[in-house]
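The values are calculated or read from the model by the stated rules, or taken from the named source; none is laboratory data. Fair warning: this is a prediction, and the values are worked out from it, not measured in the lab. Every residue, glycine among them, receives a Cβ derived from its backbone with ideal geometry; neighbour counts consider all protein chains shown. The protein model used for the area step is the full one, side chains on, heavy atoms only, and it has no ligands, DNA or RNA in it. Shrake-Rupley method; radii C 1.70, N 1.55, O 1.52, S 1.80 Å.
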Amino acid sequence: MAVFEKITIAKAINESLRDAMEADPKVLVMGEDVGKLGGVFRVTDGLQKDFGEDRVIDTPLAESGIVGTAIGMALRGYRPVLEIQFDGFVFPAYDQIVTQLAKMHARALGKIKLPIVIRIPYGGAIGAVEHHSESPETLFAHVAGLKVITPSNSSDAYWMLKQAIAGNDPVIYFEPKRRYHDKSALDTEAIPHPLHKARVTREGSDLTLAAYGPMVKVCQDVAQVAEEEGRSIEIVDLRSLSPIDFDTLQSSVEKTRRLVVVHEAPVFLGSGAEIAARITERCFYHLEAPVLRVGGYHAPYPPSRLEDEYLPNLDRVLDAVDRSLAY
């Protein structure tokens with residue numbers, strides 16, 4: 001246990017894996033290049049050296065096999081933590097995740113639990129080639145039986161992963177790869193925030209910005225600019241996409257009366273659509289403007305030279321803030 005004044009998100013995840021493995025010999029790490037290489041982002045660096053090849057396992061390049069093997073191991077009492085090397089590589093394993101991992105608990109009438117965590121680096125803004133910058137979180141949030149979470153800072157990166165590993169549900173843990181090297185404080189002796197509860201990271205009175213993962217930092221920058229213009233923005237870091245903490249959102253919107261939802265994933269049928277519908281139902285008589293959404297376009301993720309045009313940025317979010325406040 002330790003207190004870090006500044007630690008990167010990548011290092012915080014590494015610390016979380018290390019602490020979980022030290023606490024429980026049934027916790028295993030599996031994935032492509034997670035061992036000797038330490039992962040393509042070096043998130044698992046040093047774990048195989050310290051825990052051995054039986055607990056930090058370099059797998060073949062076969063995502064469906066990785067998940068299928070982990071399901072078998074979980075049935076025998078292990079707690080596998082899997083790494084999918086990049087977001088766009090998860091789809092060969094989608095069948096195993098959706099038809100087996102997510103369904104087993106219900107299929108067995110609660111008698112079987114599969115405590116598996118699947119780590120997926122996701123999102124863009126790293127200048128990568130095709131299939132390396134996707135935001136598929138809604139595909140998993142739509143599937144009953146899966147928990148879907150994503151941190152935006154080092155403390156959440158550590159604690160949310162540790163809580164996920166300790167639980168008995170299958171969890172998809174999305175890591176915002178563009179934020180891997182962002183630094184913030186971490187106290188590994190603190191009392192963690194509840195895993196599926198949103199957090200108000202900035203108080204405000206004029207409008208609520210709801211975001212998660214990589215877009216929380218963008219919203220923080222937006223709020224700072226808005227403050228200089230005399231506008232008070234509240235920020236809600238959702239943290240969990242399945243389930244979503246609508247109570248915290250509702251409390252915020254009842255105060256500010258306006259909501260803009262921001263995510264990298266396409267706006268069409270994205271998580272913002274569900275949030276907009278639910279908040280409109282819950283807060284109809286409080287809202288002074290329609291819930292607005294800012295996100296990616298309904299198009300394949302573009303080549304890296306064009307990704308700055310695709311991804312939500314400060315100007316696009318500020319534009320939505322202006323439109324909402326104009327009602």
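Report yes if Leu249 is in the same structural domain as Leu209 (by TED's automatic domain parsing) and either touching a Leu at 6+ places or on another chain (Cβ under 9 Å) or within 20 Å of His132 (Cβ to Cβ) (or both), otherwise no. Yes, satisfied. Out of curiosity, is Leu161 more than 17 Å from the chain's Cα centre (by Cα) and among the aliphatic types (A, V, I, L, M)? In short, no.
Leu161: aliphatic (A, V, I, L, M), assigned by TED's automatic domain parsing to the domain that holds Pro92, open to solvent by 10 Å² or more (accessible area, probe 1.4 Å) and modelled with pLDDT of 95 or more, yes or no? No, not satisfied.
Only one of the numbered conditions (1) under 19 Å from Val171 (Cα atoms); (2) open to solvent by 30 Å² or more (accessible area, probe 1.4 Å); (3) of a type outside the set (A, V, I, L, M); (4) in a helix (DSSP H, G or I) is violated by Gly88, and that is (2). Filter the stretch 18-38 for residues that are surrounded by fewer than 18 Cβ atoms within 10 Å (Cβ to Cβ), out of contact with any Gly (no Cβ under 8 Å at 6 or more places or on another chain) and either among the acidic types (Asp, Glu) or closer than 11 Å to Glu83 by Cα (or both) and give the result. Result: Glu22, Asp24. Going residue by residue through the stretch 121-140, is there one that turns out to be assigned to a strand (DSSP E or B), farther than 23 Å from Gln220 by Cα and in contact with a strand residue (DSSP E or B) (Cβ under 8 Å, 6 or more places away or on another chain)? The answer is no, given that none of the residues of the stretch 121-140 is assigned to a strand (DSSP E or B), farther than 23 Å from Gln220 by Cα and in contact with a strand residue (DSSP E or B) (Cβ under 8 Å, 6 or more places away or on another chain).
Scan the stretch 146-153 and give yes if some residue there is in a loop (DSSP other than H, G, I, E, B), charged (D, E, K, R) and surrounded by fewer than 24 Cβ atoms within 10 Å (Cβ to Cβ), otherwise no. It would help to see each step written out before you state the result.
Step one: filter the stretch 146-153 for residues in a loop (DSSP other than H, G, I, E, B), giving 146, 150-153.
Restricting the remaining residues to those that are charged (D, E, K, R) gives none.
No: zero hits.
The criterion of at least 3 residues that are touching a residue at least 40 places away in the same chain (Cβ under 8 Å) is met, among strands (runs of 3 or more DSSP E) falling completely within the stretch 219-327, by 240-242, 259-266.
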